[in-house]
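Undergrad: Before I ask anything, let me first share the structure, which is written out below as structure tokens.
The values are calculated or read from the model by the stated rules, or taken from the named source; none is laboratory data. None of the values given here were measured: they were computed from a predicted structure. Neighbour counts run over all protein chains shown; Cβ positions are idealised from the backbone, glycine included. Quick note on the areas: whole protein, heavy atoms, side chains included, nothing else; ligands and nucleic acids left out. Shrake-Rupley method; radii C 1.70, N 1.55, O 1.52, S 1.80 Å.
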Amino acid sequence: MPDRPTARQALALLTDDFTELPHPAGTSGPDGPLEWAGYGASRARAAARTGEDESVVCGHATVGGTPAVLIAFEFGFLGGSLGERTGDRLEAAHVHAREHRLPVVSLVATGGSRMQEGMLALTQLQRVARQSALTRAAGLPQLSVLRDPTTGGGWATLGAGADVVLALPGVQVGFAGSRVRPADADPAAYTAEAQVAAGTVDAVVGPGELRETVGRWLGLLTAPSSDPAPVPGALGRVDLPATGWDAVRRARDPLRPRAQAYLDAYFTRRVALGGDRRGGLDAGMLCGFGSHDGRTIAYAAQTGAATRPAGYRTASRLIRLADTLSIPVLTLVDTPGAANDAEAERHGAGAAIADLFAAVATARTPLTTLVIGEGGSGGALAPAAPGNTWVTPDSYFSVIAPELAAAILKRPAHEVRSTADQLRLRPQDLVALGVVRGIVGGGTAPAG
């Protein structure tokens, strides 16, 4: 086995002022709750080799200016396995975090539950999951950093269960460890990079960038606000379209500013969520958190492409996390509609859109929406804030694309333009209908 960084070395990547929490007292005999012969001797050898008396080190520190509770696994101590005493320490760390209103960062490196403690070890996963849920219910963010390896129950609780999941390059990540997976399994599937592609890890971060990256995440996620996000100013044309078809053509103009330009202009810094946590990733929906005029704003932005199910699920994830942390949300609408191919249906397009409608409808944190281009049907409406949606002069919003409306009505192609007028989809039409609050010009508009 190649040398792996110790728990203390991993902590040093993040902070210089780590203070360990007191250890809860253990109650098991020398050979553990199962009286497993030789277990006590194995623990003693692990302690002598690593300098630790358990597989996890817990304490508090400041990372990038933000105080936090840090949890670091020591893989050299019985493979970073979870036993009863590990559970004691993890519970105490979460209790300390809630009592002191601190975020939790877990540096995970584990092979799973400790065999020498049997089912008592496995049930620690339920204990850890409950503590994580209580910390989330308290409105405190949780972030995990995956080290090598991150497998078994540690991955399925502290790792994948965090609000934001980062990983070091090339590390082994998967529920099945290398000794228990099928012999013909593709090892590339059990890597951090594969998990990013599957939408279960947000980003791979090099050791040298870890302190800055985690610090940026913590700074943004620990800044709640009750005020709505200000509406971005329009970056494109400021004159209004004369006809419905003019509005459609302008929204479809490839030179029109897209989401990336709006996000760059709006935020001074930002971090991105990388997937839907259900095996999917959609580049057509950009989600994350950023700083605008010193405030943290969450964002979900369509890029002008047809939005896929993973995009809707990622937006739902973003809105629910922002709601938990009391962070206002900005959504940018720009899509011809939801992806409607067979693959989208197989991946649950309707269910994904329904879930986003539900996330928006039940959010307690304020939502603000700006339509910056195409607003195609329910696929565009799903991320839109009821009662606080604005439009730019080079956008439109419609119940259906005019070409499709004409086709449904069995109208000839030359009537598509007049159909666009009938749909009343221009920005000024939407204001007159009361569908949107207003049309924004250049500069940042007032808060919604």
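Undergrad: Just to confirm my filter: which helices (runs of 4 or more DSSP H) fall fully inside the stretch 216-331 and include at least 1 residues that are within 15 Å of the chain's Cα centre (by Cα) and either basic (Lys, Arg) or surrounded by fewer than 20 Cβ atoms within 10 Å (Cβ to Cβ) (or both)?
TA: Helices (runs of 4 or more DSSP H) meeting the threshold: 309-324.
Undergrad: Looking at the stretch 398-434 only, could you name the residues that are in contact with a Ser or Thr (Cβ under 7 Å, 6 or more places away or on another chain), open to solvent by 60 Å² or more (accessible area, probe 1.4 Å) and part of a loop (DSSP other than H, G, I, E, B)?
TA: Scanning the stretch 398-434 gives VAL399, ARG411.
Undergrad: Would you be able to say whether some residue in the stretch 137-147 is out of contact with any strand residue (DSSP E or B) (no Cβ under 6 Å at 6 or more places or on another chain), open to solvent by 50 Å² or more (accessible area, probe 1.4 Å) and assigned to a helix (DSSP H, G or I)?
TA: yes
Undergrad: For the stretch 353-390, what are the residues that are of a type outside the set (D, E, K, R), free of Cβ contacts under 8 Å to residues at least 60 places away in the same chain and touching a Lys or Arg at 6+ places or on another chain (Cβ under 9 Å)?
TA: LEU356, ALA359, THR362, ALA363, GLY387, THR389
Undergrad: Just a yes or no: is a residue in the stretch 338-355 closer than 26 Å to ILE297 by Cα, open to solvent by less than 10 Å² (accessible area, probe 1.4 Å), under 30 Å from the mean Cα position of the chain (by Cα) and not polar (S, T, N, Q)?
TA: yes
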